[in-house]
Amino acid sequence: MTQDKIRLTSICLREIELPLIEPFRTATGIVDRRRIILAELREEDGVTAWTECVAEAVPSYTSETVDGAWQALSGWIIPLVLEKTFGHPTDVHAALASWVPDHPMARASIEMGTWALAATRREESLARFLSRSSHLGVSPRKSVATGIAIGMHSDNGKLLDRIETAISEGYRRIKLKVSPQSEMQTIRDVRSAIGTTTKLSVDANGSFSIDDENHLRFLEKLDSLGLAMIEQPLGEEKFEQHAELQRALRTSICLDESISSDASAERMVRLQSGRIVNMKPGRVGGFTEAVAIHDRCRLAEIPLWCGGMLESGIGRAYNVALASLPNFTLPGDISPSSRYWVRDVITEPWQMDSDGMVTVPVERSGIGVEVDRDFVDQILVREATFRS
């Protein structure tokens, strides 16, 4: 196998069920255990890489689910990539986008894994390999700032206690979930409690409409709180409406669900639909699109931050590598393993220092972490190996 070729000979899918330290409450329900698909990719020369599919158990964030991703991977995506020769991970992205236009999270798990394989074969870190793939001639950072998303709480006292603890631990940004039904006083209380040192943002997950006067009044009140951003206030296809709303607000709009490809990022830039992007590589089909969006937004002076999907330590390794690119200037959802997991699936859990920074393993080849195979076997739900 030459350094410039990718040829997969086997892929092993494993579904695990990873217990959370505490239940995570959202508008769609409570999650206390995370179903996760892991994939172990192997090339003909024996080089391997682990990767993760970030689809959720239910279609709450997108239409993809764990069961749907398993079917897409086993039925279509994996058979299409085995024993085919690719010159670069970007070729894998192009082929999968053509062959299987849907299921971006399932596609991303394989595409991102080939980036890790290529980096491992070159004996360099995934972060360095990604930075060399940028068209802007950039170098990876050695540490990245971390924020935290706080799940919904029915008790305001417990919510404020949780936020106070997060700030004492060093988190550089607090994010709250909001909807038109949220209590404005709760948000004001949080704003007052954390002061101006720590950034505060809110995430609406597309729950507002500019055609509803009550919604607009709520957004106007949010605009008066000095927030770092209002994330995805309107629906994912509402680029023109987001642009209209952004002109009316002082607070920066951050787009999340709207950014599904480089083409959608171009549309955002052209229409001025927002001033910030939340990048989740699984949502855009992998690193090829993620790096392209990074470069486009950097040229347009639109900062990015890396969002989280309750990944295990494997998926977090990919997020940390991506967040090391220079235009990820805002704190991302890259919390240490202890934030979520009773026990992580890697041998050395991710850590955060007291300044809210996570170290990028730029001197370790591949994704920079080792998988705890024994623990993976203990929490295994199902497994399937595919060979050429």
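With +1 assigned to the C-beta of every Lys and Arg and -1 to the C-beta of every Asp and Glu, and no other charges, what is the dipole magnitude of region 131-359 about the Cα centre in debye, to the nearest 20? Mind showing how you got there, number by number?
Values: 27 positive and 30 negative charges, 116 e Å.
For this selection, approximately 560 debye.
If we sort 103-114, 164-175, 321-332 on the protection proxy, mean other Cβ atoms within 10 Å, highest first, what's the order?
Working: 103-114: 28.4, 164-175: 18.2, 321-332: 24.4.
In descending order of packing, they fall as 103-114, 321-332, 164-175.
What ³J(HN,Hα) values, in whole Hz, does the Karplus curve 6.51 cos²θ - 1.76 cosθ + 1.60 give for region 153-158 when θ = phi - 60°, with x put for Gly and Pro?
Karplus values, whole Hz, x for Gly and Pro: 10, 7, 10, 4, x, 5.
At a Cα cut-off below 21 Å, give the lysines reachable from Lys84, other chains included and same-chain residues fewer than 8 away excluded.
Lys5
Can you tell me which of 180-191, 8-19 comes out highest on packing, and rank the rest after it, using the mean Cβ neighbours within 10 Å? All intermediate terms of the calculation are to be shown ahead of the outcome.
Values: 180-191: 14.5, 8-19: 18.8.
Per-residue Cβ counts within 10 Å, averaged per peptide and sorted highest first, yield 8-19, 180-191.
In terms of modelled amide H atoms, which long-range or inter-chain residues lie less than 5 Å from the amide H of Gly307?
Met279, Lys280, Asp333
Taking the DSSP beta bridges in the chain as the whole, what percent of them are antiparallel, to the nearest 5?
Numbers: 34 of 56 bridges.
If I count the DSSP bridges inside the chain, around 60 percent turn out antiparallel.
Could you work out the local net charge near Ala119, counting Lys and Arg as +1, Asp and Glu as -1, over the other residues with Cβ closer than 12 Å to its Cβ? Spell out each step's value before the answer.
Details: positive: Arg121, Arg122, Arg128, Arg132, Arg364; negative: Glu123, Glu124.
Neighbourhood net charge equals +3.
Grab the DSSP H runs of the chain that are 4 residues or longer, score each as -39,500 (n - 2.57), total them, divide by all residues and round the 222 nm result to the nearest 500 deg cm²/dmol. Don't skip to the end; give the middle numbers.
Working: 13 runs with 134 residues, N = 388.
My calculation for the chain gives -10000 deg cm²/dmol from helical runs alone.
Compute the acute angle (0 to 90°) between the alpha-carbon long axis of helix 287-299 and the principal axis of greatest extent of the alpha-carbon atoms of the chain; round to the nearest 10°.
40
If one takes the longest principal axis of the Cα atoms in the chain, at what angle in degrees, from 0 to 90 and to the nearest 10, does the Cα axis of helix 262-271 lie?
Between the helix axis and the principal axis of the chain, the angle is about 30 degrees.
Whole-Hz ³J(HN,Hα) for each residue in region 124-132, computed from phi via Karplus 6.51 cos²θ - 1.76 cosθ + 1.60 with θ = phi - 60°, x for glycine and proline: what do you get?
9, 6, 4, 4, 5, 5, 5, 5, 6
For each of Thr62, Thr48, count neighbouring Cβ atoms within 10 Å of the residue's Cβ, then give the residues from fewest to most.
Listing Thr62, Thr48 from fewest to most nearby Cβ atoms yields Thr48, Thr62.
Whole-Hz Karplus ³J(HN,Hα) for region 328-345, in order, using 6.51 cos²θ - 1.76 cosθ + 1.60 and θ = phi - 60°, x for Gly and Pro?
7, 9, 10, x, x, 7, 10, 5, x, 4, 5, 5, 10, 10, 4, 8, 8, 8
Put +1 on the Cβ of every Lys and Arg and -1 on every Asp and Glu Cβ in region 131-359; which of Thr288, His242, Gly157 then has its Cα farthest towards the positive end of the dipole?
In region 131-359, that residue is Thr288.
If the chain between Arg247 and Glu22 were fully stretched, how many nm would it gain, using 0.36 nm times the residue separation less the Cα-Cα distance?
Values: separation 225, 0.36 × 225 = 81.00 nm, distance 3.94 nm.
Extra length from Arg247 to Glu22 when fully extended: 77.1 nm.
With Cβ to Cβ distances under 12 Å as the rule, what net charge do the other residues near Ala57 carry (K, R +1; D, E -1)? Intermediate values should be presented prior to the final figure.
Values: positive: Arg33, Arg34, Arg35; negative: Glu15, Glu17, Asp32, Glu56, Glu64, Asp67.
Neighbourhood net charge equals -3.
Would you work out the Kirkwood radius for region 218-288? I mean one over the mean of 1/r across all pairs of different Cα atoms, in Å. Kindly include the intermediate steps, with their values, before the conclusion.
On the way: mean 1/r = 0.0814 Å⁻¹.
Result for region 218-288 stands at 12.3 Å.
Answer with one residue from Ser74, Ser182, Ala145: the one whose Cα lies farthest towards the positive end of the charge dipole of the chain, charges on Cβ with Lys, Arg +1 and Asp, Glu -1.
Selected residue: Ala145.
How much net charge surrounds Lys221 when only other residues with a Cβ under 12 Å from its Cβ are counted (Lys, Arg +1; Asp, Glu -1)? Intermediate results must be reported in sequence, preceding the final value.
On the way: positive: Arg188, Arg191, Arg217; negative: Glu183, Glu220, Asp223.
Taking every other residue near Lys221 into account, the sum is 0.
Is there a quick way to get the dipole size of the chain? I mean about its Cα centre, with the Cβ of Lys and Arg at +1 and of Asp and Glu at -1; what is the value in debye to the nearest 20? Don't skip to the end; give the middle numbers.
Details: 44 positive and 55 negative charges, 140 e Å.
My answer is approximately 680 debye.
Take a quick pass over region 131-359 and tell me how many lysine pairs come in under 23 angstrom between Cα atoms, counting only ones 8 or more apart or on separate chains.
Here the count comes out as 17.
Quick note: the coordinates plus some simple rules give every number you see, no bench work behind them. Just so you know, these numbers come straight off a predicted model, no measurement behind them. Cβ sites come from the backbone with ideal geometry, for glycine too, and all protein chains shown count toward neighbours.
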